[in-house]
1. Counting Lys and Arg as +1 and Asp and Glu as -1, what is the net charge of the other residues whose Cβ lies under 10 Å from the Cβ of M295?
2. Between D257 and D45, how many nm apart are label points set 7 Å from Cα along the C-beta direction?
3. Helix-only estimate, please: 222 nm mean residue ellipticity of the chain, summing -39500 (n - 2.57) across DSSP H runs of length 4 or more and dividing by its residues, to the nearest 500.
4. Starting from the Cα of Y62, step 7 Å toward the Cβ, then list every residue of segment 17-43 with an amide N under 12 Å from that point.
5. Which translational diffusion coefficient, to the nearest whole µm²/s, is obtained for segment 169-208 from the Stokes-Einstein equation, given a Kirkwood hydrodynamic radius over C-alpha pairs, 10 °C and 1.306 mPa s?
6. Ignoring trypsin sites (Lys or Arg not before Pro) that are buried or in helix or strand per DSSP, and keeping those with at most 16 other beta carbon atoms within 10 Å, what is the longest stretch of the chain between them?
7. Where a ≥ b ≥ c are the square roots of the eigenvalues of the C-alpha gyration tensor, would you call segment 140-289 rounded, which needs a/c under 1.5, or, failing that, prolate if a/b is larger than b/c, or oblate?
8. When the chain is fully extended, how far beyond the present Cα-Cα distance does D3 get from K89, taking 0.36 nm per residue of separation?
Amino acid sequence: MADGVAELRSFNRFYTQRIGVLTDRYLGQDRPLAEARLLFEIGSDGVRVHALRERLGLDSGYLSRLLRSLERSGLVETVAAGGPDARRKLARPTPAGRAELAEMNRRSDAAMARAVGGLDEPQVHELVTALATVERLLGPTSSDGARHLTIRRAQAGDAEAIASVLHGAFADQEAEFTPEAFAVSTPDPATVAARIATDPVWVAEKDRRVVGTVSAVPRPPSLFVRSLAVLPAARGSGLATLLLAEADRCAGQLGLDRLELDTTPFQTAAARVYERFGFRPSHRHDLHGTAMVRMVRPITSRVRDRGRRGASPRRHG
């Protein structure tokens, strides 16, 4: 076989066995991978059923059967979501579901820690970057086989779309922010345009529509990452990791030592993404009355050195 097909099949066989997909009890718990993945996507706060269907690309009937199985196990309940469309349903975990999710995350973290335990810091960075590349190259395709997932630098004309993505990504958490903090987290198009003119900003496009974004501000010796957002319907496809990888490459090119970002204690799903990418909590602070957690990720010396040879540490647009 040619064109990498045999190698990709070999990797699939290796990785599915490595993460335990071949067993009917994922991570040694009492359910198969499909149910475990669904419980993970529902998360501790719950999610609308139609968003689950879009995120995972599941047939409605199959998704319904998985939900019924989790309900019979006492882990999930499906309730009316409220809002303008009363037909929308919300899947949310029961206390038992939250406990199983916490245990699943603990076991998964332990399994991945064992997998990378023998690697040094440059090797971990190489692995994370390679995984981001796989997600980008093997991302969704259109019916004719063309790639329809793109990460690129933002242009001035993207400001309105970026502002819309930021608002759409955080709208369901607005009540958790103070009004002032929410306004800072969801800047208007004029503010976004000003950022594009002076600092690195990236967008993720799916079918030529902006569905994700991230921006950064050089603050030597750090690159401060802000406004990472992915629309709910586009989550679950690795976009957040791909966007973080762009910021990571930028930091290396500028010769900076680390990435920093702020998140909130209630954005637990985002915190898991950051931790998987290598961020760790540094300290807590306050943004207009909303609690914030500063997270830091070091840039490996190998990447910094390559960046210093190829670029000077200055701000670029």
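1. Details: positive: R280, R294, R297; negative: E260, D262, E275.
Result for the neighbourhood of M295: 0.
2. 3.3 nm
3. Details: 12 runs with 147 residues, N = 317.
Roughly -14500 deg cm²/dmol at 222 nm, from the helical runs in the chain.
4. Output list for this probe position: 34-35.
5. Numbers: Rh = 12.0 Å.
Diffusion coefficient, whole number: 133 µm²/s.
6. Numbers: sites that count: R25, R87, R88, R208, R314, R315.
Answer - 89-207.
7. Details: a/c = 1.37, a/b = 1.21, b/c = 1.13.
Here segment 140-289 falls in the rounded category.
8. Details: separation 86, 0.36 × 86 = 30.96 nm, distance 4.39 nm.
Full extension from D3 to K89 adds 26.6 nm.
Readers should treat all values here as calculations from the given coordinates under stated rules, not as data from a laboratory. For clarity, every value in this text was computed on a predicted model and none was experimentally measured. Note: ideal-geometry Cβ built from the backbone for every residue, glycine included; neighbour counts use all protein chains shown.
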